[in-house]
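Everything on this sheet refers to the single structure shown next.
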Amino acid sequence: MDRRFFNMFPGLTEERAIELLTMPLDQMEDASDRYIAASHLVNFPTERSIAALISALEDQNQELYHRIARRKAVETLGRLKATTGLSAIRACLVEDDIYTVENAVWAIGEIGTTDEEILEEITQLLQKPNHTHRVIIHVLAKLGYRAALERIAPLMELEDPTIASAAISAYSRFSGDRSKMEQVVEFLQHSNVNVRRACIQDLMDANYYEAIPKIAICPVSMVFRMRGIRHLAENARSSGALKFEDVEPTLDRVIRDRAEDLELVHEYDQTPALEFAIGELYQTDFGRCYLGSKTLLDLYANAASPALMATFAEKAHNDYGAHYHVVKLLGRLKYAPAYDLLVEALHNRAPQFQKSRTAAAIALGDLGDERAIPELKASLETGLWELKYAALMALETFGDDSGRALCANDPDWAIAAKSQS
């Protein structure tokens with residue numbers, strides 16, 4: 001489990017978090033502290049913390065901040081895989097608050113159970129409107145409750161693609177019939193970014209490694225694509241269905257992450273201005289970010305670099321999506337004055353900016369300034385496989401093969417194989 005985003009309040013102790021979680025609202029300086037405490041206790045897998053979370057879960061106070069904290073307490077118990085909280089979490093399945101129910105279903109999936117009574121209670125939620133059927137389907141499939149198959153099957157025909165996709169994936173896992181999985185692959189080109197992201201998870205759940213080439217060109221964040229490709233490639237490699245050389249070109253393409261290598265789902269009905277294209281880099285739908293990037297490279301190559309530096313100074317330095325795209329573009333444009341900015345991005349350890357480190361490695365290779373070689377070699381010592389992979393690729397552009405020897409025995413199979421390819 002990736003825990004990089006868990007400890008967002010490093011000064012908050014376990015004792016203080018428990019105190020906040022049990023403190024009456026009228027004694028709190030900020031009522032949202034209860035939610036923060038429920039979230040932060042994920043960093044303390046102790047009996048004390050688990051007991052405090054269960055106590056918060058059993059508090060039936062209907063005041064808004066209590067209800068929000070209860071939802072988070074359910075989630076945290078799930079993240080902690082707290083089996084002692086299973087009974088209290090199960091009791092939430094019959095509540096009216098659909099968000100608490102959703103978190104309870106998810107938490108049970110994380111904790112795990114073979115209790116057919118609990119699994120049947122979760123299955124019956126499929127008959128209720130307004131519930132998050134996608135989460136329910138995922139948990140039933142994850143826990144292997146085959147008795148739910150007949151009730152999941154009709155959901156494959158729903159108009160909501162996020163539910164249909166999950167249902168097809170679960171049906172494939174339960175029945176062994178993979179004939180409908182190509183419908184999930186088609187969702188990779190859906191206009192809605194949430195659908196595109198969701199179906200990658202469904203392809204992963206069904207171990208449909210045949211989708212790897214299509215995932216690679218899906219216009220969503222590189223993080224979503226690489227997560228799916230790595231999962232599928234590792235499973236296929238373990239079973240002997242694929243070798244590293246079968247997926248290496250795909251890994252290279254996704255790490256390099258160029259807009260022209262993607263199948264974009266958006267288009268402009270008229271030529272956008274430079275300012276508009278820059279603004280596209282701030283969109284939450286990365287499909288639009290990639291279209292904006294392509295526009296800047298195709299139409300504004302001369303004017304884009306100073307405009308990108310300006311937007312970085314103004315706000316992209318603090319927006320992790322735009323930060324990523326600006327870093328990549330400055331490398332593509334070979335803008336020499338950006339060298340220091342790219343090196344800084346390469347060493348940015350803030351959790352939300354980790355993909356920018358990978359982008360910076362590739363950008364430094366594109367820039368061609370040999371001062372970057374020792375910086376890239378230092379990146380081979382990190383624990384981030386994507387960054388190491390990008391650094392190896394960037395060093396190749398300088399004709400430097402020394403990184404291969406450093407990574408030949410790397411514990412990550414992809415890095416070790418890349419260093420020897």
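The values are calculated or read from the model by the stated rules, or taken from the named source; none is laboratory data. These figures come from a predicted structure and were not determined experimentally. All Cβ positions, glycine included, derive from the backbone under ideal geometry; neighbour counts span all protein chains shown.
Numerical summary
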{"read-out": "Helices (runs of 4 or more DSSP H) enclosed by the range 53-147 - at least 2 residues per element that are of a type in the set (D, E, K, R) and within 27 Å of PRO24 (Cβ to Cβ)", "value": "64-79"}
{"read-out": "VAL42 more than 16 Å from THR22 (Cβ to Cβ), in contact with a His (Cβ under 7 Å, 6 or more places away or on another chain), in a helix (DSSP H, G or I) and hydrophobic (A, V, I, L, M, F, W, C)", "value": "no"}
{"read-out": "Some residue of the range 166-175 being over 25 Å from THR358 (Cβ atoms) and of a type in the set (Val, Ile, Thr)", "value": "yes"}
{"read-out": "Number of the exception - GLU263 against (1) farther than 30 Å from LEU330 by Cα; (2) touching a residue at least 12 places away in the same chain (Cβ under 8 Å); (3) acidic (Asp, Glu)", "value": "(1)"}
{"read-out": "GLY383, sole failed condition from (1) modelled with pLDDT of 95 or more; (2) out of contact with any helix residue (DSSP H, G or I) (no Cβ under 8 Å at 6 or more places or on another chain)", "value": "(1)"}
{"read-out": "Selected residue (criterion: farthest from the chain's Cα centre (by Cα)) from residues of the range 388-406 that are among the hydrophobic types (A, V, I, L, M, F, W, C) and crowded, with 24+ Cβ neighbours inside 10 Å", "value": "LEU395"}
{"read-out": "Condition check for LEU264: outside the structural domain of PRO351 (by TED's automatic domain parsing) and assigned to a helix (DSSP H, G or I)", "value": "no"}
{"read-out": "Residue check, ALA166 crowded, with 21+ Cβ neighbours inside 10 Å, in contact with a His (Cβ under 7 Å, 6 or more places away or on another chain) and under 30 Å from LEU86 (Cβ atoms)", "value": "yes"}
